[in-house]
Structures are given as C-alpha cells and as structure tokens.
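The values are calculated or read from the model by the stated rules, or taken from the named source; none is laboratory data. As the structure is a prediction and not an experimental result, all values here were calculated from the model. Using ideal geometry, Cβ is built from the backbone for each residue, glycine included, and neighbour counts are taken over all protein chains shown.
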Amino acid sequence: MPDTSQTNSSSTPPLLSRIGAGISNLIGRFWVLALVVGLMWYLVAGRTPTVELENRGTAPDFTLESVEGTPIQLSDYRGRVVVLNLWATWCVTCKQQMPGFVEMQDEFESQGVQFIGLSVDTNGMEVVRPFIEEQMPVNYPIVNSPRVASQQYGTTRGVPRTYIIDRSGTIRYAHTGLLLPGDFRPVLQAVLQEGAAS
C-alpha cells in the first residue's frame, strides 16, 4: 500500500487554497488601484495653479481693432472681470487652451466675465484673421499687437500668458503656460466672489 502520509501533510485543502488566492488577488488589485489614484492626484495637484490673488497694479489700457474690425478698448470693460490672454498662432499650448476659454466665456458671461485674446503674431491680422475664421473660431474678441504685448505687458515669446483683471481694472492674477477649465475655474471664481463681497 503506498504511503500517503507525506502527501496529506503537505497538501492544502482546495477551499483554503482558493480563499488564499482570492485574498492575494484582491490585495494586488487594491494596491494597483491605490497607485493609480495616487498618481492621478499627484498630477492634478501639481498642475493646478494655487489661488493666490495679488494686486499687480492697473492693467495697461489699449485700443486695438478686433478680427471683426471692431475697436476694442480694455478700459471699456471696467465693471467686468476681464481675462486677457496673450497668445500666438504658432503656439501649440495656446491652441490647446483656446477651446477651454470658449467654454468658460459661455459659462461665466452672465456673471460679468469677458475674455479677450491679444495675439503677439508679428505678421498681424494677415495670419491671425484666417486662423480664427478657419481653424479656431472663438466667442470673444481677438486683437493683435506685439508692441502692446511687449511694451505694456512685458512679453511676446512667453506665451500663453493669461491675466485676470478685476472690475476696477487691477491685475489680480497672472499665469504663464497652459490653463485648462478645471485649473482656471477656481481662480476666476475667487476674483468674482471677491468683487461680489466688496
């Protein structure tokens, strides 16, 4: 008769084996899920700008012609919150964020927000107008002046550069780089709430 004592002593009952495997599988999946969630939080937290409003002085005024041929004077928007975005047709990041600005113009227009795009393209409306009309239609005024961008706002190459100007015409926030709606919305809401409380 074969000796089965060694086999019986070393074998694990099938039910216990399956339970152990299930627990190990669950722990493995939970660890992967925790890792993914942690990574997503890190990326979002690292990308989202901190809401730190400052008094950066009065926004330099300008009067420029829009793509549609309408004169746009910045000071005419006193009493509204203005988002002034310096951009260029050759700027990939600028193009990435413009659909989000269109979305936010629709969302916040009734709350007194006006987006304005200031192009820094040196070829002027010759390149800006066809770009807006054919490739990137927007629902807010687009003007062009490398001179205004450089002399009054200090940049023509560091774009996109975005300013939030409060109802009194004071620059309260400035950011260089990509701004998506989820990142930008808390900052814009902070400026709106500040104005409503005053």
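Quick look at the values:
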quantity	calculated
Checking P137 against (1) in a loop (DSSP other than H, G, I, E, B); (2) of a type outside the set (G, A, S); (3) over 26 Å from V127 (Cα atoms), the condition it does not meet	(3)
Those residues of the stretch 140-149 which are free of Cβ contacts under 8 Å to residues at least 60 places away in the same chain and part of a helix (DSSP H, G or I), in sequence order	P146, R147
Residue within the stretch 143-152 that is over 18 Å from K95 (Cα atoms), touching a helix residue (DSSP H, G or I) at 6+ places or on another chain (Cβ under 9 Å) and among the basic types (K, R) present	no
The stretch 67-104 - residue that is polar (S, T, N, Q) and surrounded by fewer than 19 Cβ atoms within 10 Å (Cβ to Cβ) and, of those, farthest from V120 (Cα to Cα)	S75
Strands (runs of 3 or more DSSP E) lying entirely in the stretch 55-98 (those with 3 or more residues that are in contact with a helix residue (DSSP H, G or I) (Cβ under 6 Å, 6 or more places away or on another chain) and at pLDDT 95 or above)	81-87
Selected residue [out of contact with any Cys (no Cβ under 6 Å at 6 or more places or on another chain), of a type in the set (D, E, K, R) and surrounded by fewer than 19 Cβ atoms within 10 Å (Cβ to Cβ)] from R161, R157, R172	R157
